[in-house]
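Have a look at the structure below, then the notes.
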Amino acid sequence: MSFMLTLVFAASALTCLIMSLLFIFGRGKAEAPANQISNVDELLRVVENRFIGTYDISELELVAMQAAIDALDDDWSYYLSPEEYKEHRENSNNQYHGIGVEVVIDEETEGMKVLRVYKDSGADLAGIVPNDIITAVDGESILGLTLQEIRGVLRRELGDTAVVTVLRADGLYYDLTVVYSLVFTDPVTFIMLDGNIGYVQLKNFEEGAGERFISAVNSLKEHGAVAFIYDVRSNPGGRVNEVTKILDFLLPEGEIFFSVDRTGNENIIMSDSSFIDLPAVVLVNSFSYSGAEFFAAMLDEYEYASTVGEQTTGKNRMQTMINLSNGGAVNLSTGHYLTKNRVSLFDIGGYTPQFIVTLSDEQTTLFNRGELPPEKDPQLQKALLLLEEKLS
């Protein structure tokens, strides 16, 4: 299977619900007295004072910090260097630093096939178009490289330029100069399907997703939508407040979020009495993480929507992004959340939709590329069939 990469240099996709408050990291009750130093500090001092070889002390500190978080054996906690944290902040605001294209490795040429060009990005302004195959950057071939290696070749600062060589369908090569800028992406896409069925795809629950979702649903309603399909397939999750904003908009009065922190303190978020009273179906797959699977489970438990697709990932931990004095941060699991019926999605191995419909590997690849037509999407077709039955 080919993998899609947005060339915007985010450190990693967010696969968890992230609380919006940022705190200053400290040792808490276990902090050592001022006249003592930690074992790690002591080791680094020994290296500085006694080691005869060459080394980079900042690299040693980075490795030590990463190892400390890895030792927690928690899939959802991770350390971000100052550079990675800067990129992460852009990513969580649905804006990215890069040239503004989505690509996959082209199997025939081993270059990067452009799937999508973001409007007004450097790539768009330079004339790069979908189906262009990027073969070189500043004269350096990228053929045969992995996407991770290509990211390294393409890394630049804001305002910098690069000469990108593209191969087009006419068989000719073109050198195009692109400027690196902030690329703004829309977390929500929507269309009206046949039968006045509104289709809304939520790509993540990051900054602005809630308002964009509400705007999309209202727009479709104004144009006559009689039912909805909410697609959170391959949605990696995002912010608690964005998830609850959407649940509050859709659901009637009741609990829409329940969490417990490390000391046992509970937090419950309630929905008001206003809601959208139209039939709905939610689509999920095995790449629907945290906020996405929680969203589907809640609409199921409220008997608000039918659910279609594949069993989701299974995660019920919340993370807090904590600032560190070196400019980096640690994304640390600080609590867990449960559904309205107090179900842990982790304990049950993920949310299982009411109707199991799978995609082939080829169909999954096409869906992730945005190239799977509705008529060839068995999960979407099942959702349409269910809504047809509800409306009849």
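The values are calculated or read from the model by the stated rules, or taken from the named source; none is laboratory data. Everything numeric in this text was worked out from a predicted model, so none of it was measured. Counting neighbours? That spans all protein chains shown, and the Cβs are built from the backbone with ideal geometry, glycine included.
Go through the stretch 352-373 and give me each residue that's in contact with a helix residue (DSSP H, G or I) (Cβ under 9 Å, 6 or more places away or on another chain) and closer than 20 Å to Pro130 by Cα.
Gln363, Leu366, Phe367, Glu371, Leu372, Pro373
Which numbered condition trips up Ser181, out of (1) surrounded by 14 or more Cβ atoms within 10 Å (Cβ to Cβ); (2) modelled with pLDDT of 90 or more; (3) of a type outside the set (A, V, I, L, M)?
Ser181 satisfies every listed condition except (2).
Given the criteria under 21 Å from Leu182 (Cα atoms) and at pLDDT 90 or above, does Ile133 qualify?
On the way: under 21 Å from Leu182 (Cα atoms): no; at pLDDT 90 or above: yes.
Answer is no for this residue.
Which one of Ile105, Ile69 is outside the structural domain of Ile134 (by TED's automatic domain parsing), β-branched (Val, Ile, Thr), at pLDDT 80 or above and under 22 Å from the mean Cα position of the chain (by Cα)? Walk me through it before giving the result.
Details: Ile105 fails: outside the structural domain of Ile134 (by TED's automatic domain parsing).
Of Ile105, Ile69, the one residue that is outside the structural domain of Ile134 (by TED's automatic domain parsing), β-branched (Val, Ile, Thr), at pLDDT 80 or above and under 22 Å from the mean Cα position of the chain (by Cα) is Ile69.
All but one of (1) over 15 Å from Asn316 (Cα atoms); (2) surrounded by fewer than 16 Cβ atoms within 10 Å (Cβ to Cβ); (3) touching a residue at least 40 places away in the same chain (Cβ under 8 Å) hold for Glu211; which doesn't?
(3)
Among the residues of the stretch 194-214, write down those that are more than 27 Å from Val129 (Cα to Cα) and in a strand (DSSP E or B).
Those that are more than 27 Å from Val129 (Cα to Cα) and in a strand (DSSP E or B): Ile197, Gly198, Phe205.
Can you tell me which residue among Met318, Met298 is under 30 Å from Glu61 (Cβ atoms), of a type in the set (A, V, I, L, M, F, W, C) and surrounded by 19 or more Cβ atoms within 10 Å (Cβ to Cβ)? Even if it seems obvious, please write down each step before you answer.
On the way: Met298 fails: under 30 Å from Glu61 (Cβ atoms).
Exactly one of Met318, Met298 is under 30 Å from Glu61 (Cβ atoms), of a type in the set (A, V, I, L, M, F, W, C) and surrounded by 19 or more Cβ atoms within 10 Å (Cβ to Cβ), namely Met318.
Out of the residues in the stretch 37-62 that are in contact with a Leu (Cβ under 8 Å, 6 or more places away or on another chain) and surrounded by 11 or more Cβ atoms within 10 Å (Cβ to Cβ), which is farthest from Leu80 (Cα to Cα)?
Of the stretch 37-62, the ones in contact with a Leu (Cβ under 8 Å, 6 or more places away or on another chain) are 44, 47, 57, 60-61.
Going one step further and asking which of them are surrounded by 11 or more Cβ atoms within 10 Å (Cβ to Cβ), we end up with 44, 47, 60-61.
On the way: Leu44: 20, Val47: 24, Leu60: 15, Glu61: 12 Å.
Among residues in the stretch 37-62 that are in contact with a Leu (Cβ under 8 Å, 6 or more places away or on another chain) and surrounded by 11 or more Cβ atoms within 10 Å (Cβ to Cβ), the one farthest from Leu80 (Cα to Cα) is Val47.
Would you be able to say whether some residue in the stretch 309-317 is modelled with pLDDT under 90, farther than 17 Å from Ser259 by Cα and in contact with an Asp or Glu (Cβ under 8 Å, 6 or more places away or on another chain)?
yes
Only one of (1) in contact with a helix residue (DSSP H, G or I) (Cβ under 6 Å, 6 or more places away or on another chain); (2) of a type outside the set (A, V, I, L, M, F, W, C); (3) modelled with pLDDT of 95 or more is not met by Asn235, so which one is it?
Just one mismatch for Asn235, condition (3).
Of everything in the stretch 148-165 that's touching a residue at least 40 places away in the same chain (Cβ under 8 Å) and assigned to a strand (DSSP E or B), which residue is surrounded by the most Cβ atoms within 10 Å (Cβ to Cβ)?
Per the criteria, the residue is Val164.
Going by the conditions given, is Leu359 within 24 Å of Gly198 (Cα to Cα) and aliphatic (A, V, I, L, M)? Spell out how you get there, then give the answer.
On the way: within 24 Å of Gly198 (Cα to Cα): yes; aliphatic (A, V, I, L, M): yes.
It is true that Leu359 is within 24 Å of Gly198 (Cα to Cα) and aliphatic (A, V, I, L, M).
Can you tell me which residues in the stretch 352-392 are of a type outside the set (A, V, I, L, M, F, W, C), part of a loop (DSSP other than H, G, I, E, B) and closer than 19 Å to Phe228 by Cβ? Before the answer, list the steps.
Step one: of the stretch 352-392, the residues of a type outside the set (A, V, I, L, M, F, W, C) are 352-354, 358, 360-365, 368-371, 373-379, 381-382, 388-390, 392.
This time we only want the ones that are part of a loop (DSSP other than H, G, I, E, B), so: 352-354, 358, 360, 370-371, 373, 377, 392.
Scanning the stretch 352-392 gives Pro353, Gln354, Asp377, Ser392.
Tell me which residues, restricted to the stretch 336-392, are charged (D, E, K, R) and touching a residue at least 12 places away in the same chain (Cβ under 8 Å).
Of everything in the stretch 336-392, those that are charged (D, E, K, R) and touching a residue at least 12 places away in the same chain (Cβ under 8 Å) turn out to be Lys340, Arg342, Asp347, Asp361, Arg369, Glu371, Lys376, Asp377, Lys382, Glu388, Lys390.
Is it the case, given these coordinates, that Ser81 is of a type in the set (S, T, N, Q), outside the structural domain of Val164 (by TED's automatic domain parsing), within 30 Å of Gly159 (Cβ to Cβ) and touching a residue at least 12 places away in the same chain (Cβ under 8 Å)? Talk me through it step by step, then tell me what you get.
Values: of a type in the set (S, T, N, Q): yes; outside the structural domain of Val164 (by TED's automatic domain parsing): yes; within 30 Å of Gly159 (Cβ to Cβ): yes; touching a residue at least 12 places away in the same chain (Cβ under 8 Å): yes.
Judged against the criteria, Ser81 is a match.
From the list Asn331, Asn316, which residue is free of Cβ contacts under 8 Å to residues at least 40 places away in the same chain, of a type in the set (S, T, N, Q) and either within 19 Å of Ile356 (Cβ to Cβ) or in contact with a Leu (Cβ under 8 Å, 6 or more places away or on another chain) (or both)?
Numbers: Asn331 fails: free of Cβ contacts under 8 Å to residues at least 40 places away in the same chain.
Answer to the selection: Asn316.
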